[in-house]
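Working notes, beginning with the structure itself.
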Amino acid sequence: MCIHKKNFVYLTKIKIIKDMAEISVIKKETEEKMKMTIEFLDETFARIRAGRANTHILDGVRVEYYGSLVPLSNVATITTPDAKTILIQPWEKTMLKVIEKALINSNVGITPENNGEAIRLNIPPLTEERRKTLVKQTKQEAEDAKISIRNARRDAIEEIKKEVKNGLAEDIGKDAEEEIQKLHDKYIKKIDEMFAAKEKEILTI
């Protein structure tokens, strides 16, 4: 093989390696975005009260502690002694009133019971109308998550097409687009599964 041909083969190999590396970065960043969407949806679903005691409904509650607003879980032990009760045991007794006030002012929507030692939240049963409203809310959250997944796919495919215009081999670009589509399908399916599970939880009496 002449030296020019050897150089051509070598440069071609280098270009393919570089192209594959660029595609790998696009795929990795796209999947990271999709994973973050799933994590956010999981946290959102956890905060939607479904008629059963779930400590996650308090994740958004902040309390004042020595001049700073901190998560409730930073100042108290939160447990569910039974399916209808959340028990909040402050680490410092002086925090009882502060926690009680924070719960009243929060969007949790349950009146706290302070017995001087701990705070109890009794989860009221959901009406049929409330269950329907929660299912609707859950469905909307799932749809918003799907839009984020589709946007991540669109951005990735635009990036791949740009790389093709800049000299990326078309077959590599086509394969990459197919892999992005597979990622999209995987995470859309995950959202559907999460919604089905949450809907079942809400509708189970």
Against the definition (within 28 Å of the chain's Cα centre (by Cα), among the aliphatic types (A, V, I, L, M) and in a strand (DSSP E or B)), how does Ile110 come out, yes or no?
no
Do you know which of the residues in region 23-43 that are of a type in the set (Ser, Thr, Tyr) and buried (at least 17 other Cβ atoms within 10 Å of the Cβ) is farthest from Glu177 (Cα to Cα)?
Thr37
Residue under evaluation Thr37, criteria (1) farther than 19 Å from Arg131 by Cα; (2) under 26 Å from the mean Cα position of the chain (by Cα); (3) outside any helix (DSSP H, G or I), criterion not met
(3)
Give the number of residues within region 85-110 that are open to solvent by 90 Å² or more (accessible area, probe 1.4 Å), modelled with pLDDT of 85 or more and under 18 Å from Arg47 (Cβ atoms).
2
Filter pass, Val135 being assigned to a helix (DSSP H, G or I), in contact with a Gly (Cβ under 9 Å, 6 or more places away or on another chain) and open to solvent by less than 70 Å² (accessible area, probe 1.4 Å)
no
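Suppose we keep only residues that are β-branched (Val, Ile, Thr) and either open to solvent by 50 Å² or more (accessible area, probe 1.4 Å) or closer than 30 Å to Thr127 by Cβ (or both) within region 148-203. Which one would you say is nearest to the chain's Cα centre (by Cα)? Reasoning before the result, please.
Start the filter on region 148-203 by keeping residues that are β-branched (Val, Ile, Thr), which leaves 149, 157, 160, 164, 172, 180, 188, 191, 202.
Restricting the remaining residues to those that are either open to solvent by 50 Å² or more (accessible area, probe 1.4 Å) or closer than 30 Å to Thr127 by Cβ (or both) gives 191, 202.
Values: Ile191: 10, Ile202: 19 Å.
The residue in question is Ile191.
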Which numbered condition trips up Gly51, out of (1) open to solvent by 50 Å² or more (accessible area, probe 1.4 Å); (2) under 20 Å from Thr127 (Cβ atoms)?
(1)
Could you tell me whether region 79-92 includes any residue that is closer than 28 Å to Lys198 by Cα, of a type outside the set (Phe, Trp, Tyr) and part of a loop (DSSP other than H, G, I, E, B)?
yes
Can you find even one residue in region 94-107 that is touching a residue at least 24 places away in the same chain (Cβ under 8 Å), outside any helix (DSSP H, G or I) and not aromatic (Phe, Trp, Tyr)?
yes
Name the pairs: first residue in region 161-174 and modelled with pLDDT of 85 or more, second residue among the small types (Gly, Ala, Ser), Cβ to Cβ under 8 Å, at least 6 apart or on different chains?
Lys161/Gly173; Glu163/Gly173; Val164/Gly173
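The values are calculated or read from the model by the stated rules, or taken from the named source; none is laboratory data. Note that the coordinates shown come from a computational prediction; the quantities given were computed from them, not determined experimentally. Cβ: placed from backbone, ideal geometry, glycine included. Neighbour counts: every protein chain shown. Heavy atoms of the whole protein, side chains included, go into the accessibility calculation; ligands, DNA and RNA do not. Shrake-Rupley method; radii C 1.70, N 1.55, O 1.52, S 1.80 Å.
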